[in-house]
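Take a look at the structure set out below.
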Amino acid sequence: MCSNLNCTRQTFHEQVPGLADRYETLRPAIERVVERLLDELPGHAGDGVVDLLRHFATPLPMEVICELVGVPEEDRPRWREFGTLVAAGAGPGFAAAIPGIMAGAREAVARRRAAPPTGDAPSGLLADLIRAQAEDGDRLSDTELVTLVWHLVLAGQTPANLIANAVHVLLSEPAQLRALVADPGLMPRAVEELTRWCGPILLTVPRYASEDVELYGAAIRAGDAVTASVAAANRDPRVFEDPDRLDVTRAREATHLGFAHGAHFCLGASLARVETGVALSALLRRLPDLAAGPEGARRAPDPGTWRLTSLPVTL
């Protein structure tokens, strides 16, 4: 059995081969959720202004996670509430949501184990993991299975902030917005460029030096904590030409670190890419006259995450 999270993450990818393809198969479900949320936007508007973060970007990821995990419809209101609390990133509500999600994940696992899908019914990610566990129980424990659901929920909130940041930036960069509206085929490139340019992750969690080392003239002793700046790496002029310029046509050869790297690469990266692309494509198609609201967006005073607390827009 895996003894640490990195091993668990590796097991997750091994036990669900073609995970990126699985996320891609969710595209129709994501499109349905996006269209429904867009249908509901006018009902949330006052004088034609609506908070796009609250009523579109924030609820989208948890709806998709429920589809991915296979959460029953009757349990989804509770999961939607958890998603709102987790998306806040901190505070007592965030802390309270964690045990709630863990309990909900255990319930979902027990329910799916007791009633596995039959016939042509879609299996859902939980059913695949439970089947893998039954075939080789030493590869994945119940604790690891539930923890993976929590990490999917946590990682699944990234699109909320990424979508909101992307809309905010595009509304302030009319040339880039026009280019994307004129050529929807640019969306895959645009998602990568927006993740690089205004992705929500600013810093890594601390790593600890295993030995004394000197890094760019600074002495780092064994045991010292080191935090890398993802935002700085994504503006590295040695990697990106004119790195401080947003360019939705930028070629994808240069790899950004918006989803981390190596053993710490985001479990939900492929899902975040699909969600963001679907959301932005539908938003620009259905609301071509979208504009920034009169009050302007508000940004959270969060040193680790580049995120908004509101995004008023005019429909």
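The values are calculated or read from the model by the stated rules, or taken from the named source; none is laboratory data. Keep in mind it's a predicted model, so treat the numbers as computed, not measured. Here the Cβ positions follow ideal geometry from the backbone for every residue, glycine too, while neighbour counts run over all protein chains shown. Surface accessibility is based on the protein's heavy atoms, side chains included, excluding ligands, DNA and RNA. Shrake-Rupley method; radii C 1.70, N 1.55, O 1.52, S 1.80 Å.
Provide 289, 247, 212 ordered by accessible surface of protein heavy atoms (probe 1.4 Å), highest first.
Putting 289, 247, 212 in descending order of accessible area: 289, 212, 247.
Please report the base-10 log of the normalised intensity I(q)/I(0) for segment 46-87, using a Debye sum with one equal scatterer per alpha carbon and no solvent, at each q in 0.27, 0.33, 0.35 (1/Å). Per q value, in the given order, log10 I(q)/I(0) is -0.90, -1.14, -1.21.
Quick one: grab the alpha carbon gyration tensor of segment 232-315, order the square roots of its eigenvalues as a ≥ b ≥ c, and give me rounded if a/c is under 1.5, else prolate or oblate depending on whether a/b is larger than b/c. Prolate is the answer for segment 232-315, as a/c is 1.5 or above and a/b outweighs b/c. Each part reduced to its alpha carbon centroid, segment 199-225 and segment 255-315 end up 28 Å apart. For the chain, carbon and sulfur atoms together expose 55% of the accessible surface, with a 1.4 angstrom probe and every protein chain in place. Computed over protein heavy atoms with a 1.4 Å probe, the accessible surface of segment 158-315 works out to 52 Å² per residue. Under a 5 Å amide H to amide H cut-off, with H placed in plane at 1.01 Å, what residues pair with residue 292 once short-range neighbours are removed? Residues meeting the amide H criterion: 314.
Pull out a ≥ b ≥ c, the square roots of the eigenvalues of the alpha-carbon gyration tensor of segment 131-264, then state rounded if a/c is under 1.5, prolate if not and a/b is larger than b/c, and oblate in the remaining case. Oblate, because a/c is 1.5 or more while a/b does not exceed b/c. Here the dipole of segment 189-315 is about 440 debye; that uses its Cα centre as origin and unit charges on the Cβ of Lys and Arg (positive) and Asp and Glu (negative). Just check the chain against the gyration tensor rule for me: Cα atoms, a ≥ b ≥ c as the square roots of the eigenvalues, rounded for a/c under 1.5, and otherwise prolate or oblate depending on whether a/b exceeds b/c. It is oblate, given that a/c is not under 1.5 and a/b is not larger than b/c. Dividing the summed -39500 (n - 2.57) terms of all DSSP H runs of n ≥ 4 by the residue count of the chain sets its mean residue ellipticity at 222 nm at -16500 deg cm²/dmol.
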